[in-house]
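Everything below concerns the one structure shown next.
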Amino acid sequence: MKRSTILCSLLPVLLVLFLCACSASPSGASDGAETPNNIFHELPLPAVMEGQVSVLDARGSRILYVQEEKLLSKDGGYAYYETKQVGIYDVDAQKSLAVWEPETPGNYFGGALLDGDAAILALQLDYTNAYPAQFAAMYFGGSQRSLVELTGELQWLLPFSGKEALASYRTEEGAFGVYRLSADGCTDALLLQADANTEPMGGDLAVCGDRFCYAYAKNGQVTLCTVSADGTQDALTLPESAKLDSFWLTADGPLICQYVEQNGKAQRLLTRYASGETHEVTRPAADGALYQLRFANGCGFAVNGSWGLQLLQLSEDGTVSCRGVTGLPDELSSVQVRILSCGDGSFCLFYPEAQRLFRAVPTS
């Protein structure tokens, strides 16, 4: 066979291979752009003798972690976690700053770092049950003590300042909202009551500076209530058809990913509210959801429905762009990750199954 004939017969194969290579993109990527490798830096985790580590919060070089053990119920029907140790660890100095053995047994599943090597943690008291309903917020510092206990659900717990944390909750009596927690105790930052027109959702909560934002349902519509330091409330009501995927609070206003139906067409919107203006990017309805939105200084992260990590960046036109991350090991491309905002413009990415922790410092 002549060389020209061989080349001609191979052309279709080569064309297919070329097109496949051009169309390939990382899991969850929104475009083919690559993420700079130098924005991710792997950090050490504290060594534990048994069980595994779970990172609950990060502030600068400090992380709040628990050592936990996975156990089976007596009938073997379900698994639950029991916390063996609570600690604060400096990832740069690679040394423990504080370590406690919990005096109150349970599953410590959320937490916030405070100044002075102290922390506030969310606790499931009836942690051996399949559906826990007894919760507490616990202070860890020079001593361990309960700040509040409730029957219902303690949902999200986030750092609010060096001395305070915020926790969303709902009680079996119908009260719900946000607690303000400190070493001195617990007060209501936002108190609501469930009725025919008002009801709690998943307890989604976001913090920015001295403001926080909380999501609930009013008259069947998603409402985001932003509360300022002086107690002023600013309510944002999403369209009647909107379903909230997740949100975060920025210095300019909320950043929201929502599912909407308009003119019989379903789509998702990544919406940035700033100074009374709305900046939107349309995303696919089927796979355009974004969860765990975290955003600061014009950059942030989220995950899609397949645990694909997404990089968010503020564009010149005021919208927020989104693209898949390519700078992490391939084995972490579609596995569970916890995104933590560190309060200084950086983020921590904790992979519980792989037991790996990364600091991410993106630029806008």
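Miscellaneous remarks
- Unique match (being under 30 Å from LEU71 (Cβ atoms) and either in a strand (DSSP E or B) or open to solvent by 20 Å² or more (accessible area, probe 1.4 Å) (or both)) among CYS213, CYS225, CYS186: CYS186
- Selection over region 84-124 of residues that are assigned to a loop (DSSP other than H, G, I, E, B) and either surrounded by 14 or more Cβ atoms within 10 Å (Cβ to Cβ) or not charged (D, E, K, R) (or both) gives a count of 9.
- Against the test of being touching a His at 6+ places or on another chain (Cβ under 8 Å) and in contact (Cβ under 8 Å) with a residue 24 or more places away in the chain, the options ARG272, ARG294 yield a single qualifying residue, ARG272.
- Qualifying position, being under 25 Å from ASP90 (Cβ atoms), in contact (Cβ under 8 Å) with a residue 12 or more places away in the chain and not polar (S, T, N, Q), among ALA167, ALA122: ALA122
- Residue within region 31-49 that is crowded, with 16+ Cβ neighbours inside 10 Å, among the small types (Gly, Ala, Ser) and either modelled with pLDDT under 95 or over 27 Å from LEU123 (Cβ atoms) (or both) present: no
- In region 233-276, the residues that are touching an Asp or Glu at 6+ places or on another chain (Cβ under 6 Å) and more than 21 Å from ASN304 (Cβ to Cβ): SER241, ALA274
- Residue count for region 125-166, restricted to those that are more than 22 Å from TYR80 (Cα to Cα), of a type in the set (A, V, I, L, M, F, W, C) and part of a strand (DSSP E or B): 6.
The values are calculated or read from the model by the stated rules, or taken from the named source; none is laboratory data. Remember, predicted model here, so these are calculated numbers, not experimental data. Quick reminder, even Gly has a Cβ in these numbers, built from the backbone with ideal geometry, and neighbours come from all protein chains shown. Just the protein is used for accessible areas: all its heavy atoms, side chains included, with ligands, DNA and RNA removed. Shrake-Rupley method; radii C 1.70, N 1.55, O 1.52, S 1.80 Å.
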